[in-house]
Every structure is written in C-alpha cells, then in structure tokens.
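One structure coming up, written as structure tokens, with questions to follow.
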Amino acid sequence: MSSIKKVIEVLASSEKSFEDAMQNALNEAGSTIKGISSIYIKDQSCKVRDNKITEYRITAKISFAVERSGNSIG
C-alpha cells in the first residue's frame with residue numbers, strides 16, 4: 001500500500017541555537033499535526049546586534065503522512 005505525505009513550510013526562531021529553533025518548529029507543528037516523519041532545513045539565518053547573534057532563524061519543510069480518514073490534522 002502506498003502512502004501520501006504532505007509537506008508544509010514553517011519559519012521558527014530561537015535565542016539559543018539553530019537546534020532549538022528546529023525543535024521549536026517541531027513542537028509548534030506537532031501541536032496540531034500528527035505523524036510528523038521528517039524535517040528539512042531549507043534556510044537558516046541569524047539576527048545580529050552589536051556584533052552578537054541575538055536570534056537564530058530557520059525556514060523548514062515538515063512532512064507528515066496523510067491519513068485517509070482525514071485525521072492527520074487535528
């Protein structure tokens with residue numbers, strides 16, 4: 001049986017690290033999406049003030065299985 005995956009693009013940030021920004025993206029998406037199977041980091045950047053990184057930002061694609069009953073999002 002073949003499966004269908006859906007991909008969404010999200011933006012997330014953290015004052016700590018890129019890894020924390022990734023986890024923030026997963027936590028937020030996971031609050032409404034079930035069955036997340038992967039995250040792909042499309043882009044990353046930093047906000048800088050006074051020669052110091054103040055914010056880590058990512059653009060990520062999150063994929064998850066689409067269920068026939070329509071319960072993937074909920």
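Values in this text are rule-based calculations from the coordinates and carry no lab data. Bear in mind the structure is a predicted one, so any value in this text is a computation, not a measurement. In this analysis, Cβ positions are derived from the backbone assuming ideal geometry, glycine residues included, and neighbour counts consider all displayed protein chains.
Cβ-Cβ below 8 Å, separation at least six or inter-chain, first residue in region 19-39 and within 24 Å of Arg68 (Cβ to Cβ), second in a helix (DSSP H, G or I) and not aliphatic (A, V, I, L, M): which pairs?
That search, which allows pairs on different chains as well, returns Ile36/Gly30.
Can you pull out every residue in region 17-31 that is in contact with a strand residue (DSSP E or B) (Cβ under 7 Å, 6 or more places away or on another chain) and loosely packed, with under 13 Cβ neighbours inside 10 Å?
Ser17
Every residue in region 20-65 that is touching a helix residue (DSSP H, G or I) at 6+ places or on another chain (Cβ under 6 Å) and over 25 Å from Ser3 (Cα atoms), please.
Hits for region 20-65 are Gln44, Tyr56, Ile58.
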